[in-house]
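Have a look at the structure below, then the notes.
The values are calculated or read from the model by the stated rules, or taken from the named source; none is laboratory data. Since this is a predicted model, take the numbers as computed values, not measurements. Reconstructed Cβ throughout: ideal geometry from the backbone, glycine too, with neighbour counts over all protein chains shown.
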């Protein structure tokens, strides 16, 4: 199977693309995050109590779209200094806000060092919501399943968290701070630790896992993971005609290739449910904006698996140094018997090994909990910090004590009926 770039069809490499054998149960991380994620942070950052601040930071809020847009150069320089995930880039946040939350109030917390350099950023949205059936003034992380994960962007996460939390405690206009899909060991856990030290009601809930693979050093080692059944599927697809993997990183045909890939999503199971990206004007705008910005920034990587020139599987991914983060995929239902999504994954992983990549992770709105090619699962959690007020403590009790108790009682009752 050939691999070619959309901008140069004559240059490519040859590879074979059967899928990977399922990992053993022992090789996959547990679904539930470890009980003490604080220990993971402590190995990187020294512990800080809320008002034991190692260096003075000036906390300011960015509340307008114009000011947030002007922050982009500093934001991305901070990301480069800290080595944070590509998912924390300013372009992705901006695309999400423009398409999913164009009118929601912004409260982007920034922290600057004494010299004025940007040291930390925590983007938040302020809105009224209902939590455990009760009205709540909420500060929440932006994003959804389309963004994959959220985290605090900071040079020193514990110090930034202490300053940000002290700043928020001086503001009486919120009841709940909710951060969705924070990765285990991420910097945002420092906010919860600072809240615990300050005596604020808080808690966490597991939200999702994402399959990932630490790539081997050689293609031969990767081939050893491939299952016999997927090798047969690969051979059967090749019997239908030439098979090749096309990579798109930008160029004049970017929008055309993106539309071609998203059309597969519309024709599949999500399309029948009305949940395909192209059927949602907000999601379509988001992925289009991200693709254009990522192509300009040099971190886009779209992939199309073709048979006889026709696309049978599609993958939307972002390059993150020597990691590849896959945000979504789709396949042609007419080729379902060949397992085109697994063949695309196998061909893509082979290409990544040849290019010297170290890891591949699958996120996105419909990412499954397991993949044949994965060797571990990355856990994410919802972090909850409640204001130390009567309303905040009532919300904390309702969400983390009363509601789980009611759910357990209902479960026992239903089990007894069965």
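Hey, does the stretch 331-347 have a residue that's over 22 Å from residue 150 (Cβ atoms) and assigned to a strand (DSSP E or B)? Yes. The lone criterion from (1) surrounded by 21 or more Cβ atoms within 10 Å (Cβ to Cβ); (2) in contact with a strand residue (DSSP E or B) (Cβ under 6 Å, 6 or more places away or on another chain); (3) at pLDDT below 90 left unmet by residue 339 is number (2). The set of residues from the stretch 351-365 being farther than 12 Å from residue 213 by Cα and at pLDDT 90 or above comprises 351, 354, 355, 356. In the stretch 215-238 there is no residue matching the filter, namely being out of contact with any helix residue (DSSP H, G or I) (no Cβ under 8 Å at 6 or more places or on another chain), assigned by TED's automatic domain parsing to the domain that holds residue 329 and part of a strand (DSSP E or B).
Do we have any residue at all in the stretch 293-303 that's in a helix (DSSP H, G or I) and under 20 Å from residue 143 (Cα atoms)?
Taking the stretch 293-303 and keeping what is in a helix (DSSP H, G or I), we get 293-297.
Next cut, under 20 Å from residue 143 (Cα atoms) only: 293-294.
Yes: the stretch 293-303 contains one or more residues that are in a helix (DSSP H, G or I) and under 20 Å from residue 143 (Cα atoms).
Yes/no per residue for (1) touching a strand residue (DSSP E or B) at 6+ places or on another chain (Cβ under 8 Å); (2) over 26 Å from residue 170 (Cα atoms); (3) at pLDDT below 95; (4) buried (at least 16 other Cβ atoms within 10 Å of the Cβ):
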{"residue": "60", "(1), (2), (3), (4)": "yes, no, no, no"}
{"residue": "65", "(1), (2), (3), (4)": "yes, no, no, no"}
{"residue": "71", "(1), (2), (3), (4)": "yes, no, no, yes"}
{"residue": "75", "(1), (2), (3), (4)": "yes, no, no, yes"}
{"residue": "78", "(1), (2), (3), (4)": "yes, yes, no, yes"}
{"residue": "89", "(1), (2), (3), (4)": "no, yes, no, yes"}
{"residue": "95", "(1), (2), (3), (4)": "no, yes, no, yes"}
{"residue": "108", "(1), (2), (3), (4)": "yes, no, no, yes"}
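In the set (1) under 26 Å from residue 214 (Cα atoms); (2) surrounded by 15 or more Cβ atoms within 10 Å (Cβ to Cβ), residue 321 fails one condition alone, (2). Under the condition of being part of a loop (DSSP other than H, G, I, E, B) and surrounded by fewer than 19 Cβ atoms within 10 Å (Cβ to Cβ), the residues counted in the stretch 130-154 number 4.
Report, by residue number, each residue of the stretch 177-213 that is surrounded by fewer than 23 Cβ atoms within 10 Å (Cβ to Cβ), in a strand (DSSP E or B) and more than 19 Å from the chain's Cα centre (by Cα). Within the stretch 177-213, 202, 203 qualify.
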